[in-house]
């Protein structure tokens, strides 16, 4: 479960700006991590990523091809509904 700078500030009784400044001093920056949807059996052709704060060593492969990002929202464990929405969105974009 992730918390925003604003939520952390409210929990510890400080300001959002102070939490942000501390996070930056600690070297915690937005980063993207791969969800291994194929359980390491083979490389996924359409990988999923999640965002987090850490040292910034992204697992995103940089390329020059044009891309589209489809953002999904929902609770963890609702993969069936999320997957169908992503599939329909992807087909419509093509």
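List of remarks:
- Likely footprinting exposure, 41, 59, fewest C-beta neighbours within 10 Å first: 41, 59
- Sorted by Cβ neighbour density within 10 Å, fewest at the top, the residues 14, 63: 63, 14
- Built from the Cα atoms of the range 1-63, the convex hull projects on average onto 5.6 nm², one quarter of its surface area.
We did not get these values from a lab; they are worked out from the coordinates using the rules stated. What you see is a predicted model, and the numbers here were worked out from it, not measured in a lab. Cβ sites come from the backbone with ideal geometry, for glycine too, and all protein chains shown count toward neighbours.
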